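Undergrad: Take a look at the following structure, please.
Readers should treat all values here as calculations from the given coordinates under stated rules, not as data from a laboratory. All values derive from a computational prediction rather than experimental measurement. Neighbour counts run over all protein chains shown; Cβ positions are idealised from the backbone, glycine included.
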Amino acid sequence: MGILYKVIGIGAAISLQLVIGLTCIEIIAFRVPYYEKQYIKNQVFQAVEMEPEELLWVTEEMLLYLKDERDTLDMIATVGENQREFFNQREKQHMEDVKYLFIKAYQLRKVSIILFFSCVVFLVYRRIKWLHVLLKGIQWTTGILLGFIILLSAIIAINFTKAFTIFHEIFFSNDLWLLDYETDWLIRMVPESFFVDISVKIGSSILIVLFLQWIGTSFYSRHLKMKEKI
């Protein structure tokens with residue numbers, strides 16, 4: 001197996017993992033029922049002084065905004081006994097930054113899909129044992145990612161708050177993410193405990209998918225080799 005084909009196989013595998021990982025994040029992060037469970041667990045309905053239906057409506061509209069299916073976060077909601085603009089200017093600016101990250105993630109996923117199929121088509125076109133190359137690439141990639149994510153998860157678990165801060169300092173060029181519990185409703189909606197839970201859920205989902213891929217490719221690669229010997 002030439003080095004070029006190995007590199008292409010690994011490139012296809014990395015592209016596939018990006019697609020799977022970003023899709024896992026999207027599936028979990030954009031489900032309103034998940035937020036409802038978290039709101040009940042973290043007593044968010046009481047913290048924001050809103051009826052459940054009203055807060056869930058705000059949540060749904062917020063998620064539509066992050067998916068670029070809503071132009072602004074301007075919305076009037078009933079908080080306590082008063083109607084008010086739910087998000088203030090600082091929160092809107094921060095969510096604009098968050099939306100930008102999601103849009104870039106969607107673009108990355110599209111590019112990864114194209115790259116994955118381009119690599120597969122190239123391998124098939126070259127008339128080599130393309131399935132061997134692809135399976136081996138996935139096996140190597142998933143094995144390395146499993147070890148890396150487990151190590152990273154252990155580090156984050158030691159001090160989630162510090163890891164959370166580092167994440168924001170890397171991905172945001174401003175301090176708009178530093179919100180005030182007294183004035184910013186967003187931090188009441190999604191407190192740190194929310195991010196702990198959703199990080200565990202996303203991380204464990206990705207780990208399970210990676211492990212299943214690693215097991216599947218390992219067994220199938222062995223099956224193909226045994227089949228060739230017969």
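Undergrad: Could you list the square roots of 5 times each eigenvalue of the Cα gyration tensor of region 139-230, that is, the equivalent ellipsoid semi-axes, sorted largest first and rounded to whole Å?
TA: Three semi-axes, in Å: 41, 12, 10.
Undergrad: Rounded to whole Å and sorted largest first, list the principal axis extents of the Cα atoms in region 1-92.
TA: 70, 29, 19
Undergrad: Ranking MET62, MET75 by Cβ neighbours within 10 Å, fewest first, what do you get?
TA: With the fewest neighbours first, MET62, MET75 line up as MET75, MET62.
Undergrad: What FRET efficiency comes out for ILE150 versus ARG31 if R0 is 41 angstrom and r is the Cβ-Cβ distance? Round to the nearest 0.05.
TA: After rounding, the FRET efficiency stands at 0.95.
Undergrad: As an exercise, take the mean of 1/r over every pair of distinct alpha carbons in region 44-146, invert it, and state the Kirkwood radius in angstroms.
TA: Mean inverse Cα-Cα distance, inverted, gives 17.5 Å.
Undergrad: At a Förster distance of 41 Å, what's the computed FRET efficiency of TYR181 paired with SER218, Cβ-Cβ distance as r, to 0.05?
TA: E between TYR181 and SER218, to the nearest 0.05, is 0.25.
Undergrad: Would you mind giving the three semi-axes, in whole Å and largest first, of the ellipsoid equivalent to region 116-177 according to its Cα gyration tensor?
TA: Semi-axes, largest first: 38, 17, 5 Å.
Undergrad: For TYR106, what charge total do you get from the other residues with a beta carbon under 13 Å from its beta carbon, if Lys and Arg give +1 and Asp and Glu give -1?
TA: +2
Undergrad: Counting only helical runs of four or more DSSP H residues, what would the 222 nm mean residue ellipticity of the chain come to if each run contributes -39,500 (n - 2.57) and the total is spread over all its residues?
TA: Roughly -26500 deg cm²/dmol at 222 nm, from the helical runs in the chain.
Undergrad: Given a Förster distance of 41 angstrom, what is the FRET efficiency for TYR106 paired with GLU81, based on the Cβ-Cβ distance and rounded to 0.05?
TA: The calculated FRET efficiency here is 0.55.
Undergrad: Now for a different question. Using Cα-Cα distances under 8 Å and only pairs 6 or more residues apart, what relative contact order does the chain have, in percent?
TA: Worked out over the chain, it gives 32 percent.
Undergrad: Could you work out how far apart the two model spin labels at GLU49 and ASP71 are, taking each label as a point 7 Å from the Cα in the direction of the beta carbon, and quote it in nm?
TA: Output for this residue pair reads 3.2 nm.
Undergrad: Another question, if that's okay. Which of the helices in the chain, when you take each full DSSP H run, stretch at least 15 Å along the axis at their Cα atoms and have an average Kyte-Doolittle score of 1.0 or higher?
TA: Helices meeting the criterion: 3-29, 130-158.
Undergrad: For region 136-230, what does the relative contact order come out to in percent, with C-alpha contacts under 8 Å and a separation of six or more?
TA: Reported relative contact order: 57 percent.
Undergrad: With label points built 7 Å along Cα→Cβ from the Cα atoms of VAL124 and THR165, find their separation and express it in nm.
TA: It is 5.1 nm.
Undergrad: Next question, about the same structure. How high is the relative contact order of region 76-178? Use alpha-carbon pairs under 8 Å, at least six apart in sequence, and give a whole percent.
TA: After rounding, I find 29 percent.
Undergrad: On the principal axes of its Cα set, how long, how wide and how thick is the chain? Give whole Å, largest value first.
TA: That gives 77, 35, 32 Å along the principal axes, largest extent first.
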